[in-house]
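Visitor: Before we start, here is the structure in question, set down as structure tokens.
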Amino acid sequence: MTTTARVRLHATAVMAAMAMWLTPGLAHAEVAAADPIDAAMRACLARSDMSSTVGQIQCMDTARIGWHAALDTAWQQLQSKLPPAQRTKWQKSQTAWLAWRDAEEPLLGAVIATTQGTMYRLAAADMQLQPVRDRALALRSAAAAAQSGATTPRLRACSADAQCEHAMFDLNRYYRRLVGKMPVKSRALLTKAQRAWTRYRDATSAVVDERGRIDIIGGRVATVKRLSETVGND
């Protein structure tokens with residue numbers, strides 16, 4: 001395979017993986033379609049001198065660092081625009097998101113440890129990138145809404161929202177599949193990560209609309225499905 005062909009193959013595989021992740025939060029993805037961070041990552045992935053697995057991962061790690069900075073900026077902007085009661089709710093959401101992110105990393109490592117092949121290292125880098133990107137976009141959207149004075153409608157219970165109920169059904173189905181495929185010694189990591197995600201979902205449901213809740217659940221469905229399809233592969 002020529003160098004050019006190898007570069008194209010790597011870049012295509014990575015961007016296809018990203019497309020899988022962006023589907024649940026399509027509205028957010030459209031908003032950031034021309035974001036300089038994404039554009040820089042695509043350009044990096046297409047460079048011949050970054051065609052190795054290490055190079056491709058470096059491109060995604062650089063993008064993740066960029067999205068972390070964007071997240072911090074959006075968070076500061078949001079905090080400056082919120083009334084005290086909403087600020088407290090968002091702080092609980094952010095604390096829960098950080099706790100979930102910390103709990104998710106060991107789970108991801110445990111899943112990737114059961115695989116063989118460089119493509120799974122690329123998948124791991126993507127799975128570390130996307131939650132940061134999604135959170136940055138959510139905070140940007142919230143800051144813009146706060147700036148405009150928009151209020152968040154009261155959410156119906158998930159059981160009264162057919163879309164939410166269906167998403168949770170899918171999540172539970174893929175979660176059971178992942179539990180069954182995970183090594184016994186690593187199942188506690190899955191339980192811890194899922195509980196942390198549930199706390200994040202519940203804390204954030206107090207500050208988002210029903211579409212925002214679906215974005216959160218849909219993102220988790222995509223993650224758990226992907227992990228269940230990855231664990232044990234070679």
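Visitor: If I ask for residues that are among the polar types (S, T, N, Q) and assigned to a helix (DSSP H, G or I), which ones from segment 187-207 would you list?
Guide: 191, 194, 198, 204
Visitor: I want to confirm something. Restricting to segment 208-234 and keeping residues that are part of a loop (DSSP other than H, G, I, E, B) and crowded, with 20+ Cβ neighbours inside 10 Å, which single residue is nearest to the chain's Cα centre (by Cα)?
Guide: Only one residue fits best here, namely 208.
Visitor: Could you run through segment 156-186 and say how many residues are in contact with a helix residue (DSSP H, G or I) (Cβ under 7 Å, 6 or more places away or on another chain), more than 16 Å from residue 223 (Cα to Cα) and assigned to a helix (DSSP H, G or I)?
Guide: 6
Visitor: For segment 80-90, how many residues are in contact (Cβ under 8 Å) with a residue 12 or more places away in the chain and either in a helix (DSSP H, G or I) or closer than 16 Å to residue 132 by Cβ (or both)?
Guide: 4
Visitor: Now for a separate question. Only residues that are of a type in the set (Lys, Arg) and over 14 Å from residue 212 (Cα atoms): list them for segment 133-185, please.
Guide: If the condition is that a residue be of a type in the set (Lys, Arg) and over 14 Å from residue 212 (Cα atoms), then 133, 173, 176, 177, 181, 185 are the ones that fit.
Visitor: I'd like the full set of residues that are under 12 Å from residue 134 (Cβ atoms) and aliphatic (A, V, I, L, M), limited to segment 196-216.
Guide: 216
For (1) among the β-branched types (Val, Ile, Thr); (2) at pLDDT below 90; (3) touching a strand residue (DSSP E or B) at 6+ places or on another chain (Cβ under 9 Å); (4) outside any loop (DSSP other than H, G, I, E, B), each residue gets a yes or a no:
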position	(1), (2), (3), (4)
110	no, no, no, yes
114	yes, no, no, no
141	no, no, no, yes
145	no, no, no, yes
150	no, yes, no, no
154	no, yes, no, no
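Visitor: While we're looking at this one, here's another question. Six or more apart or on different chains, Cβ under 7 Å: which pairs go from a residue in segment 102-124 that's under 22 Å from residue 198 (Cα atoms) to one that's small (Gly, Ala, Ser)? Could you list them?
Guide: Pairs found: 103/193; 103/196; 104/193; 107/193; 108/124; 110/186.
Visitor: Sort out which residues of segment 71-99 are among the hydroxyl-bearing types (Ser, Thr, Tyr) and either surrounded by 16 or more Cβ atoms within 10 Å (Cβ to Cβ) or within 19 Å of the chain's Cα centre (by Cα) (or both), and write them in order of number.
Guide: Listed by number, the residues that qualify are 73, 93, 95.
The values are calculated or read from the model by the stated rules, or taken from the named source; none is laboratory data. Please read these numbers as outputs of a predicted model, since none were measured by experiment. FYI the Cβ positions are ideal-geometry reconstructions off the backbone, even for glycines, and counts take in every protein chain you see.
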